[in-house]
Amino acid sequence: MGFRKLGLLVSGVMLAGTVSPALVGEVLRVQGSTTVNPVVTEALEFLREERGIRYRIDTLGGSAGGIRAVGTGAAEVGMSSKAIGDEDRRRHPGFDFHETVIAVDAVALVVGPDVWGAGVRSLSREQVQVIYERPGVSWTEFGGPDRRVVFFNKEPGRGTWSVFAEWSYGDPGEAPPVSHPEVGANEEVRTKVSRTRGALSQLSASWVDGRTVFALGIVNDSGETIRPEGEALANGHYPLSRPLLLVTEGEPEGAARELIEFLLGPEGQRLVRKHGYLSLAEAGL
Amino acid sequence: MTRALAIEKERPSLAGTWSFTHDPWTTLVWGSLILSGGLFLFAGATLVWQSLPIWRHEGWGFLFGGEWFYRHELFGAGAMLYGSVAVAAIAVLLAVPLGVLAAVFLSEYLPRRLRWGMKVLVEALASVPSVVYGLFGVLVLREWVGGAVEPFGGWTGDTLLTAGLLLAVMALPLTVTLSDDALRGVAQEQRVAVRGLGLTRGETVLLVVLPQAWPAVVGATLLGLGRALGETIAVFLVVGRMDNQLPEKWFSLEMIFQPGQTLTSKLGGPETHLAAGDPLHWGAMMGLCLMLVAITVSCLGGARYLQGKGRGRA
């Protein structure tokens, strides 16, 4: 079995560019975002065991790579953590991109009970930049208690971190070189934020419980405070969020359709939550 | 003395039989030796080979450089080296005196039946997986340290001190049980004889038993040190993983009350995955591996050397 799978994989890769899709049509080719990847891989593995779907999945080039692969016919399904943009359409003129949102990745800025209890409810992008660039700054500058802001930075390479960095600095590469204590898994963030006085960190919004950690609102450029919940997530007003989507050419068919239907169903949406993202219901979609 | 001489005499005749071809047993043992030695050399050579880009990029500055920002291609391992040494030093300074004294109590003062029970308990503690200690560290130790370091300018419970304390707790059972073995290794007749000369129990321990057991105790310490330097997951969970925490003055203690990074916590983190595909960044990670291996291997070598020396004297 292992050899057959390997053989299929190898032949799939070799034939992908040269032979008509009919010959390799049995292998569902999926490519794109590392953020979406864990959910889709687990769904595909389930479909392989239960329904014998054959697949090949990789994350070459991230979201952009996935969209390009669908556009050039190198993959049937692209995984992306951003909507198809004008540039993608320009690059593949006349191509019928079809997007299906399977989940929402929203990042909340969270504080523990002490900061929340002292009345801090929101931060603006400028304030977050100050916190990021001046370790040791006090909460008094942001209407909080006279304590140091203990900023736990989500470790690099996490989707959560890139959402945060894109929002606060436009691009992860632009984030200034400042060292902070780092945290990894969502469980760790929640434990450390709830148990460290003055703590602030980034956490996937689905992990906010309003009991041990509390989500701050974001003050946008026009002065409104937007909280990571309900409407604001559904209509995309909350700035630290992004849709996770699958891209196909036209309406999905065959195995691609099975995959997407599975992901939109109750089991698929459970996987979405398991990997720390908001299900469509949670995001009000 | 005569017995030792007899063994010495036998050896040349044994050494004479090491032809590969005819004796399958000899072939097996030689083969195993060559295979394990070869694997070690292969691993070492791979580390050196794969870390070449970083030595070309940073030179020796890689070892002590104070800045690590991989997005800006700055790779200095100084803060991690400092973190590893500081954490291990705290662990050894706490675990060894406590462990040796506890071992003295176990071996010299406790009635035999109680001693057996305690020994089982201590060895059970030594075999608890490190992730369990790590969780204990997150849930209990970091809370406690967080409050304790505030007067010293600390601002969170994830500090080098927390990691050091946790490692001390982890190293303690091993130190106790190995030291106890060393103390029990001193012949009972000597204790009886010395007590017969009128020395108190305390004097017997201090003047007769401990000096003889000392080399083995030091060996145990170095083994503990090696373990402390190599421990990853428990340290990872409580050290704070904050880069570039080098003290302004070497030997100033302020940094141990702050979050830091060790060689192992860096290697256990996400950068290993991020570095794959980028020869320079990957080289830097392999360089850290190489440093870690070099340090732990010297600890083990030191332990062997001291133990050998001790045996020579005794």
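The values are calculated or read from the model by the stated rules, or taken from the named source; none is laboratory data. Since the model is a prediction, treat every value here as computed from it, not as a measurement. Ideal geometry is used to build each Cβ from the backbone, glycine not excepted, and the neighbour counts take in all protein chains shown.
Quick notes
- Considering residues of region B:125-142 that are within 14 Å of another protein chain (Cβ to nearest Cβ) and not small (Gly, Ala, Ser) only, the residue surrounded by the most Cβ atoms within 10 Å (Cβ to Cβ): B:Arg142
The rows are residues; the columns are (1) out of contact with any helix residue (DSSP H, G or I) (no Cβ under 6 Å at 6 or more places or on another chain); (2) farther than 15 Å from A:Val111 by Cβ.
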{"residue": "A:Glu126", "(1), (2)": "yes, yes"}
{"residue": "A:Ile131", "(1), (2)": "yes, no"}
{"residue": "A:Val150", "(1), (2)": "yes, no"}
{"residue": "A:Glu155", "(1), (2)": "yes, yes"}
{"residue": "A:Ala165", "(1), (2)": "no, yes"}
{"residue": "A:Gly170", "(1), (2)": "yes, yes"}
{"residue": "A:Glu174", "(1), (2)": "yes, yes"}
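- Filter pass, A:Val213 being within 21 Å of B:Leu139 (Cα to Cα) and either at pLDDT 90 or above or more than 14 Å from every other protein chain (Cβ to nearest Cβ) (or both): yes
- Meets criteria (over 20 Å from the mean Cα position of the chain (by Cα) and surrounded by 18 or more Cβ atoms within 10 Å (Cβ to Cβ)) for A:Ala205: no
Each row is one residue, and each column tells you yes or no for (1) away from chain A (no Cβ under 14 Å); (2) surrounded by fewer than 22 Cβ atoms within 10 Å (Cβ to Cβ); (3) aromatic (Phe, Trp, Tyr).
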site: B:Pro211; (1), (2), (3): yes, yes, no
site: B:Leu225; (1), (2), (3): yes, no, no
site: B:Leu267; (1), (2), (3): no, yes, no
site: B:Thr272; (1), (2), (3): no, yes, no
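- Filter result (more than 21 Å from B:Phe251 (Cβ to Cβ) and in a helix (DSSP H, G or I)) within region B:69-94: B:Tyr70, B:Arg71, B:His72
- Residue match in region B:237-256 (condition: surrounded by 17 or more Cβ atoms within 10 Å (Cβ to Cβ), within 14 Å of chain A (Cβ to nearest Cβ), on the phi > 0 side of the Ramachandran plot and not basic (Lys, Arg)): yes
- Residues of region B:154-204 that are within 17 Å of B:Val218 (Cβ to Cβ) and of a type in the set (A, V, I, L, M): B:Ala171, B:Leu172, B:Leu174, B:Val176, B:Leu178, B:Ala182, B:Leu183, B:Val186.
- Test result for B:Val205, touching an Asp or Glu at 6+ places or on another chain (Cβ under 6 Å) and more than 29 Å from A:Pro172 (Cβ to Cβ): yes
- Residue in region A:193-202 that is of a type outside the set (D, E, K, R), away from chain B (no Cβ under 11 Å), crowded, with 22+ Cβ neighbours inside 10 Å and closer than 23 Å to B:Ala275 by Cβ present: yes
Yes/no per residue for (1) within 12 Å of chain A (Cβ to nearest Cβ); (2) free of Cβ contacts under 8 Å to residues at least 12 places away in the same chain; (3) over 20 Å from B:Leu174 (Cα atoms):
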residue	(1), (2), (3)
B:Arg115	no, yes, no
B:Val120	no, yes, no
B:Glu123	no, no, no
B:Trp144	yes, no, yes
B:Leu161	no, no, yes
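- Of all residues in region B:274-283 being outside any helix (DSSP H, G or I) and within 12 Å of chain A (Cβ to nearest Cβ), the one that is nearest to B:Gly164 (Cα to Cα): B:Ala276
- Qualifying residue in region B:211-223 (condition: without any contact (Cβ under 8 Å) to a residue 60 or more places away in the chain and under 26 Å from B:Arg71 (Cβ atoms)): no
- Filter pass, B:Ala228 being under 28 Å from A:Val183 (Cβ atoms) and modelled with pLDDT under 90: yes
- Total residues in region A:140-165, condition within 14 Å of another protein chain (Cβ to nearest Cβ) and either part of a loop (DSSP other than H, G, I, E, B) or of a type outside the set (Lys, Arg) (or both): 17
- Any hit, region A:178-186, residues being in contact with a Phe, Trp or Tyr (Cβ under 9 Å, 6 or more places away or on another chain) and of a type in the set (S, T, N, Q): yes
- Failed criterion for B:Gly269 (all others in (1) in contact (Cβ under 8 Å) with a residue 24 or more places away in the chain; (2) assigned to a helix (DSSP H, G or I) hold): (2)
- Candidates B:Leu306, B:Leu229 - the one that is surrounded by fewer than 19 Cβ atoms within 10 Å (Cβ to Cβ), assigned to a helix (DSSP H, G or I), in contact (Cβ under 8 Å) with a residue 24 or more places away in the chain and away from every other protein chain (no Cβ under 14 Å): B:Leu306
- In the condition set (1) at pLDDT 95 or above; (2) among the charged types (D, E, K, R); (3) touching a helix residue (DSSP H, G or I) at 6+ places or on another chain (Cβ under 9 Å), A:Arg121 is compliant with all but (3).
- Residues in region B:184-207 include none that are away from chain A (no Cβ under 13 Å) and crowded, with 23+ Cβ neighbours inside 10 Å.
- Residue list for region B:54-68, filter: part of a helix (DSSP H, G or I) and closer than 18 Å to B:Ser84 by Cα: B:Gly61, B:Phe62, B:Leu63, B:Phe64
- Once region A:174-188 is narrowed to residues that are part of a helix (DSSP H, G or I) and of a type outside the set (S, T, N, Q), the residue that is nearest to the other protein chains (Cβ to nearest Cβ) is A:Glu188.
- Contacts under 7 angstrom Cβ, first residue in region A:258-285 being closer than 17 Å to A:Thr35 by Cα, partner part of a loop (DSSP other than H, G, I, E, B) and hydroxyl-bearing (Ser, Thr, Tyr), 6 or more apart: A:Gln269/A:Ser279; A:Val272/A:Ser279; A:Arg273/A:Ser279
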